[in-house]
Amino acid sequence: MTDHKAKLTIGPNKPAIDLNILDGTLGPSVIDVTGLQKQGYFTYDPGFMSTAACESKITYIDGDKGVLLYRGYPIEQLAEQSDFLEVCYLLLNGELPTAAQKNQFNKTINNHTLAHEQIRSFFNGFRRDAHPMAVMVGVVGALAAFYHDSLDINNPEHRTTAAFRLIAKMPTLAAMCYKYSIGQPFMYPQNHMGYAENFLNMMFSTPAEKTSPNPVLTRAMDRIFTLHADHEQNASTSTVRLAGSTGANPFACISAGIAALWGPAHGGANEAALNMLREIGSEDRIDHFIKRAKDPNDNFRLMGFGHRVYKNYDPRAKVMRTTCHEVLDEVGLHDSPLFRIALKLEKIALEDDYFIQKKLYPNVDFYSGITLSALGIPPAMFTVIFAIARTVGWISHWNEMISSPDYRIGRPRQLYTGPTERNFVPIDDRK
Ligand code: CMC
């Protein structure tokens, strides 16, 4: 807190209200409005455009400069020099691990990769054509029914065990969703494999035929996990915090996060971006879709473009773009019609005045959709992969919130504009 204050004057004859100004280590200072309620006012900020909902030490974004830091480390450095499990350790604990700590952490996560055997039968309750996010919302929420020894949110050991379980089991459950949808047997995790390699193995191997992991593709998968691991107070993380603020168990909270992530304006964007490329269908139709995106009377948007926070190139998109090209080269898809449409669309949008003026750059999901598709992953699984990656971010924020001395139920207020009080009218008297 600084000694400078904001003064709020409401009406000519009322004394000004002093509001504290709080400074973070980076980013804009915030006006502390917690005392306003006692003065009979709420603040109004639909979409939370101007609201810091919490204090956090985990992730920092400067949207104008295109900066993303996990615990102070730039995302580009982590994507280049680290790996997903090391990033998980960093997000959860605040510091990079030593070699011994890293080794132990990897072992611990590997020890939790198996899902309870009865969860296999849980899948049979779903239609084969169910969207995998619908299945994930159900199955992850159901973990609370299987792991009773990590549900006490006031016990830090329980919280840590729940974090390990969630990070470790998400790839197993995600691959089970996919296998169920295509009618293949579930593959068990292989604990000698790395995190991304294990996931790809559970996705693409069958008991009849093992796939051998391709290091370029495995590295790309790991990088996608790293880039999506956290993004400060986005819609799904805020959902996890709000659900967790009630004291709900961690599996229920992460299930709530998965539900929020599913929307096309958030995690569903990479699936929506690929579906859009398919809808465009050929290079000569791109102009028509660009026109539609610019038409104020048409609600069509170029999926994979724009961001609520980044008004500059999303730093994750830069890394993802490089990875995307590496994967396209590796699988020999650079010249496929879909990827040619994507690259042309990217070029046109980057040069178009509408997109330049509104600062609508391709976001990470534009490139991750293309990359995942080249990895052989079906679009319906894209958001599930985002959920695997974001689980560590969600659980880090959940843990931070519960450990905070300010921990209390989240309860926003409203500006009510409905009818004033009126008397009930019996049905026979209504007109
Ligand atoms: N295509 C065309 N126009 C757009 C687009 C787009 N993708 N995105 C924003 N605009 C226009 C919008 O019509 C508006 O124009 P005007 O000022 O004339 O009304 C202006 O740009 C500002 O848009 P906004 O909706 O106020 O911006 P926002 O910050 O509320 O929305 C967004 C951000 C990501 C929801 C939006 O850009 C969008 O819908 N993008 C497509 C979906 C997408 O790719 N989402 C993934 C985001 S990255 C993943 C994540 O971090 O979750």
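The values are calculated or read from the model by the stated rules, or taken from the named source; none is laboratory data. Treat the numbers as computed from the prediction; the structure is a model and nothing was measured. Positions of Cβ are generated from backbone atoms using ideal geometry, with glycine treated the same way; all protein chains shown enter the neighbour counts. Surface areas here come from the heavy atoms of the whole protein model, side chains and all, with no ligands, DNA or RNA. Shrake-Rupley method; radii C 1.70, N 1.55, O 1.52, S 1.80 Å.
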>> Probe of 1.4 angstrom, ligands and nucleic acids ignored: what's the accessible area per residue over the stretch 1-72, in square angstrom?
In response: 73 Å²
>> Test of the criteria: in the stretch 370-426, which chymotrypsin sites (Phe, Trp or Tyr not before Pro) are in a DSSP loop and have at most 12 other Cβ atoms within 10 angstrom of their Cβ?
In response: 416, 424
> Which percent of the accessible area of the stretch 98-149 is formed by carbon and sulfur heavy atoms (probe 1.4 angstrom)?
Replying inline: 54 percent
> In nm, to one decimal, how far is the residue 301 label point from the residue 283 one, both placed 7 Å along Cα→Cβ?
Replying inline: 2.9 nm
> Using the Kirkwood formula over every pair of different C-alpha atoms, what hydrodynamic radius in Å results for the chain?
Replying inline: 23.5 Å
> Placing +1 at every Lys and Arg Cβ and -1 at every Asp and Glu Cβ, with all other atoms neutral, what dipole size does the stretch 31-94 have around its Cα centre, in debye to the nearest 20?
Replying inline: 300 debye
> With every protein chain present, what accessible area does residue 169 have (1.4 Å probe, heavy atoms only), rounded to the nearest 10 Å²?
Replying inline: 10 Å²
> Of all the C-alpha pairs in the stretch 130-253, what % are more than 19 Å from each other?
Replying inline: 57 percent
> Averaged per residue, what accessible surface does the stretch 253-338 expose to a 1.4 Å probe, in Å²?
Replying inline: 48 Å²
> Cα axis of helix 99-111 to longest principal axis of the chain: angle in degrees, 0 to 90, nearest 10?
Replying inline: 80 degrees
>> Taking all protein chains in place and a 1.4 Å probe, what share, in percent, of the accessible surface of the stretch 196-352 do carbon and sulfur account for?
In response: 53 percent
>> If you average the C-alpha positions of the stretch 254-288 and of the stretch 301-342 separately, how far apart do those two centres end up, in angstrom?
In response: 13 Å
> If one computes the Cα centroid of the stretch 51-78 and of the stretch 170-208, what distance in Å separates the two points?
Replying inline: 32 Å
>> Using DSSP to call loops (not H, G, I, E or B), can you name the trypsin sites (Lys or Arg not before Pro) in the stretch 1-105 whose Cβ has at most 15 other Cβ atoms within 10 angstrom?
In response: 57, 65
> If you take all C-alpha pairs in the stretch 347-416, what percent of them are over 19 Å apart?
Replying inline: 63 percent
> Any idea of residue 172's accessible area? Nearest 10 Å², probe 1.4 Å.
Replying inline: 10 Å²
> Give or take rounding to whole Å, what are the principal axis extents of the alpha carbon atoms in the stretch 35-156, in descending order?
Replying inline: 53, 43, 35
> What does the accessible area of residue 117 come to, in Å² to the nearest 10, when a probe of 1.4 Å is used?
Replying inline: 100 Å²
> Can you tell me the accessible area per residue over the stretch 349-406, all protein chains present, probe 1.4 angstrom, in square angstrom?
Replying inline: 29 Å²
> In degrees, nearest 10, range 0 to 90: what is the angle between the Cα axis of helix 215-227 and the longest Cα principal axis of the chain?
Replying inline: 10 degrees
>> Quick check on my link table: of 57/179; 311/347; 5/38; 57/102, which ones sit more than 28 Å apart, alpha carbon to alpha carbon?
In response: 57/179
> So, in nm, how far is label residue 42 from label residue 152 when the simple model puts each one 7 Å beyond its Cα toward the Cβ?
Replying inline: 3.7 nm
>> Using a Gaussian network model on the chain with a 10 Å cutoff between Cα atoms, which of 316, 292, 390 fluctuates the most?
In response: 292
>> Would you calculate the convex hull of the Cα atoms in the stretch 127-172 and tell me its volume per residue in Å³?
In response: 75 Å³
>> In whole Hz and in residue order, list the ³J(HN,Hα) couplings for the stretch 351-363 that follow from phi through the Karplus curve 6.51 cos²θ - 1.76 cosθ + 1.60, θ = phi - 60°; x for Gly and Pro.
In response: 9, 7, 4, 4, 6, 5, 5, 8, 6, 9, 9, x, 9
> Roughly what angle does helix 269-280 make with the longest principal axis of the chain, taking Cα atoms, 0 to 90 degrees, to the nearest 10?
Replying inline: 70 degrees
> Taking N as the number of residues in the stretch 294-381, what value does Rg over Cα atoms divided by 2.2 N^0.38 Å take?
Replying inline: 1.11
